[in-house]
Amino acid sequence: MSETRALRNLVTREASRPSRPAASEGKALVWLVGALTLAGAATLVPFWAPFLLAAWGAIIAWPVQQRLTRALGGPKRSAALLTALLVLVILLPVVVATLSLSGSAIALGQRLSESKSAADALKTLSSGEATSFDLKQLDPEHVLTLVRQHGATALAAGRKIFGAASVALIGLVLFVTAFYTLLTEGKAAHDWLVERAPLSRGDFHRLANVFSEVGRGLVIGVGLTALCQGAVATIGYLVTGVPQALMLGMLTVFASLIPSVGSALIWVPVSAGLALSGRPGAALVMLFIGLFVSVVDNLLRPLFARYAELRMNSLLLFVAMLGGIVLFGTWGLLLGPLLVGWASEGLSMLSEQRVELGEQRARALLSLAHEQTAQAEPKA
């Protein structure tokens, strides 16, 4: 009996003693998984922008894809149809417009830089002929002369342009591929992340909702509103006979992102240039169209808010966009608001957690006080 009791005591002590090798192995596994996760994320960083846009595009297209799936009889067919529409209706026109307007942008910048005064610059915006880069001007002798004078610089510039074009082409391919994949397998990827993320389901869903809200808000709420303002302004530029109307319309789209002043940064100088050029009637027409462009923002935002509402102050959104551009480059325009939105939601989650912990402590203290009171009453 004594031997059996001693054996039981030995087994009990060994079981209660912490297993140092197991604990160290667990920590090693955590560090290893963390390092591998960071390494895996680092491999995706160079092309995070196409994946981010594809994820937001799939989220926006998800309701339409569900309807098409029921009509076409399969998710892959509906995803293929939406991907084809995305390429033909959106990507192809954007690429063609960007390539065609790049020469106009260079020509407009040269003309503005050659202006001798602010008044001349305003006249340049609203008068003169639309010029662009003409490939016919590059005869073989002129090309050879440029190569002799700027050979090394031209070679370096050519390498940079080729590299940028290659990255853009790869990004477009990844965007289209990821868009199709997320439409067909997005739900499975979401469930996989929910099961393996080091967060509770509630916290994960809240951050996922912020991701979806920011994407919808930027693409539909902010992006479509800016495009509509740019389209109306472009019509005004064409009606009043302003050269480089399409280029100025594109600039109006970007200016519309700036709070308060917005599109007025473009159409006000154009109207002033028309007036200085001796065209008061056209200036007045452009002024009225420009005022309507500014009103379009207030008319369309409530309409788009039905489908996408970004609950972020306009100034904070603009600063987040600028800060994102400074830190992460051009695509920081999207990443900045997303990070700010996640940070805001994270602070709200921590605040709610502190309140919940305070309430739990208060309930525990109240329960302890009741127990002490109940124990003191019989003694009394």
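Can you find a residue that is touching a residue at least 24 places away in the same chain (Cβ under 8 Å), over 26 Å from residue 237 (Cα atoms) and not in a helix (DSSP H, G or I) anywhere in the stretch 323-331? Checking the stretch 323-331: at least one residue is touching a residue at least 24 places away in the same chain (Cβ under 8 Å), over 26 Å from residue 237 (Cα atoms) and not in a helix (DSSP H, G or I). Of the residues screened, residue 291 is not one that is in a helix (DSSP H, G or I) and under 30 Å from residue 59 (Cα atoms). Answer with yes or no whether residue 277 is touching a residue at least 12 places away in the same chain (Cβ under 8 Å), surrounded by 15 or more Cβ atoms within 10 Å (Cβ to Cβ), among the hydroxyl-bearing types (Ser, Thr, Tyr) and within 25 Å of residue 228 (Cα to Cα). When the stated conditions are applied, residue 277 does not pass them.
In the stretch 334-361, the residues that are more than 19 Å from residue 200 (Cβ to Cβ) reach residues that are of a type in the set (Val, Ile, Thr) with C-beta atoms within less than 7 angstrom, at least six apart or across chains, in these pairs: 337/214; 338/214; 341/210; 341/214. Screening residue 231 with (1) of a type in the set (Gly, Ala, Ser); (2) surrounded by fewer than 18 Cβ atoms within 10 Å (Cβ to Cβ); (3) more than 29 Å from residue 64 (Cβ to Cβ) gives one miss only, at (3). Of all residues in the stretch 296-322 being among the small types (Gly, Ala, Ser) and assigned to a helix (DSSP H, G or I), which is modelled with the highest pLDDT? Of everything passing the filter in the stretch 296-322, 320 is modelled with the highest pLDDT.
The values are calculated or read from the model by the stated rules, or taken from the named source; none is laboratory data. No experiment lies behind these values; they were computed from the predicted model shown. So basically every Cβ, Gly included, is an ideal-geometry build from the backbone, and we count neighbours across all protein chains shown.
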